[in-house]
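Asker: Dumping the structure here so I can ask a few things about it.
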C-alpha cells in the first residue's frame, strides 16, 4: 500500500501557531489534481496538458522525455509557492522572514541526506545540478588523485576531472557487468601512487541500464579508492543507499527529480571537501577578510558562496521527502511494466533497433534509446511532436562516446562524429496511452516516413507548414 504523504515534517517552526497556514492544511493531492493509477498521491503539474498538432487539432501531451527534465510534483510547486510568500535572505537576515527561510534552507539538507541513505556525518552541499556537483568535487580532489571513469558516462561525470595534477584513466565501454568490474580492478591495481576515485553512473542516461555499483564499489574499496556515484537518472526511479552501496559521494539533480527549480546536491564524505579552497569565492564563504588574509568558513558554507537558491533547495528536499515516503517498489514495478511495453513494441517494428550496452544482462530504469533505419533521428523526433503530440529527445544525450559505440556496433552510419539516436523516457506522469501512441507513431514513421515535409530552421527540423503557435506565458513575450 502506498504510504500517506503528509506535510513535510522536516520544516522547522517555533510552534504550531507560528507555522505557515499551508504547513498544516495544504493537501498533497488537491481535488483538482490528476492522480495517475501507478503514482497515487504524486500528482504532476501539467498532467493532461493539451498541445497543438501541425495542421490543426490538439492532443494530450505524451511526455516521454523525463530523462532530460521531469515536470514538477504538485506538492513541490505548492511548497515553493508558499515559501515565496515569505521569501527573504538567509543566514544573516534579522527579519522574521529571513528566520523562516534560513530554517527551511538549512532544514532541507536532512531529507536529501536521508533520501540517498547518507551517513550521519555526510555533508550535503547545494549545487545547481549534477554537472555542478561533479565540477565541485573535481575542484576538491587532492593533488595526484587518479580518477577512473568509463567512456560510457554522461559528460557531466566524464569531463570535469581533466585538471592539473589529476591523472584521468578513461576506460573503454564494457560489454558486461563482470567486464566492468574487472576493468576497474585492473585500472586501480596499476595506478600511480596516491589517492584514487572511481566515477560511475547508477543508471545510464542513454540505455537505462542499471550499473553494478555495489560490486564496483567493493573492488574500489579493496584497492583503496573512493567512489562517486552519478545518481541523476537512478534517483527518480529507484531507491538506493550510500551506506549500503559502499560509495563515498552522490550527485543528483532536482530537475530530473520532479523539482525543476535549479538546484542539485553533492552528498558525501567531508574531508576532501573541507580541505579545499572554496569552489566559489565570495560572500557567505568567508569567515574573515582583512587587507592581508582571508579565512574561510567550514562546510557547508565553504562551498556555497553567494545568495543561495532557497526555493531550489526547498523544492529538492520536498521531492526527496515525498518520494521517500511513497511505495517506491510499486512505482518501480509500474514503471517497469510501461518500459517493457515500450521496448517490446519498438523491437517488433521492422527497421527499429533498441540499443543496449549489456544486452539484457541487467535491469533497466524507464529510459531507452532507439534508431529507425534510413530515418533522421532529428526529423523523427520533430514528427513525433508535430504529428502525434509526443515529446522525446534526439541526438547524443551528452554521452557522445557511448552513443557512437552503440550506433557503430549496430551498423549505423555515423557521419558527423557524434551519432544521433532517439531517446524515450517514462516517469510518474506517463500513461499506457502515451506509450501505445509512441509505438504506433514509430511504426507508422518506420513504414511510411513522416506525414509532413520538414525543413531545417535554426538547425532543427520543423514542418514546412507549421500553424502551431507558442503560448503567451511571460509578460515580455
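Asker: Give me the percent relative contact order of the chain, please, defined on Cα pairs under 8 angstrom at least 6 residues apart.
Answerer: 21 percent.
Asker: Out of all DSSP beta bridges in region 96-325, what portion is antiparallel? Express it as a percent rounded to 5.
Answerer: 45
Asker: Suppose R0 equals 41 Å. What FRET efficiency, 1/(1 + (r/R0)^6) with r the Cβ-Cβ distance, do residue 436 and residue 110 give to the nearest 0.05?
Answerer: Here the calculated transfer efficiency is 0.50.
Asker: Convex hull over the alpha-carbon atoms of region 223-373: what's its volume per residue in Å³?
Answerer: Looking at region 223-373, the number lands at 177 Å³ per residue.
Asker: A further question on this structure: Taking every pair of distinct Cα atoms and averaging 1/r, then inverting, what Kirkwood hydrodynamic radius in Å comes out for the chain?
Answerer: After inverting the mean inverse Cα-Cα distance, the result is 23.7 Å.
Asker: Quick check on the chain: helices-only [θ] at 222 nm, where DSSP H runs of length 4 and up contribute -39,500 (n - 2.57) each and the sum goes over total residues. Nearest 500, please.
Answerer: -10000 deg cm²/dmol
Asker: Between residue 193 and residue 241, with labels modelled 7 Å along Cα→Cβ, what's the label distance in nm to one decimal, could you check?
Answerer: Going from the residue 193 label point to the residue 241 one covers 3.8 nm.
Asker: Which order do peptides 311-321, 352-362 fall in by mean Cβ count within 10 Å, highest first?
Answerer: Those peptides, ordered most packed to least, come out 311-321, 352-362.
Asker: Can you check how the C-alpha radius of gyration of region 96-325 compares to 2.2 N^0.38 Å, as a plain ratio?
Answerer: Normalised Rg, Cα atoms only: 1.01.
Asker: Of all DSSP beta bridges located in the chain, what percent are antiparallel, nearest 5?
Answerer: DSSP beta bridges in the chain are roughly 65 percent antiparallel.
Asker: Something else about it: First measure r as the distance between the Cβ atoms of residue 159 and residue 49, then evaluate 1/(1 + (r/R0)^6) with R0 = 30 Å and state the FRET efficiency to the nearest 0.05.
Answerer: 0.30
Asker: To continue, here is another question. How high is the relative contact order of region 328-463? Use alpha-carbon pairs under 8 Å, at least six apart in sequence, and give a whole percent.
Answerer: Answer for region 328-463 is 30 percent.
Asker: If R0 is 41 Å, what FRET efficiency do you get for residue 477 and residue 363 from their C-beta distance, rounded to 0.05?
Answerer: About 0.40, to the nearest 0.05.
Asker: Still on this structure, please answer the following. With the alpha-carbon atoms as the only input, what is the per residue convex hull volume for region 350-454 in Å³?
Answerer: Taking the convex hull of the Cα positions in region 350-454, it is 114 Å³ per residue.
Asker: Follow-up. Going highest first, how would you order 203-213, 175-185 by mean Cβ packing within 10 Å?
Answerer: In descending order of packing, they fall as 203-213, 175-185.
None of the figures in this text is laboratory data; all of them are computed from the coordinates on show. Note that the structure is predicted; figures quoted are calculated from it, not measured. Heads up, the Cβs are rebuilt from the backbone with ideal geometry, glycines too, and the neighbour counts pull from every protein chain shown.
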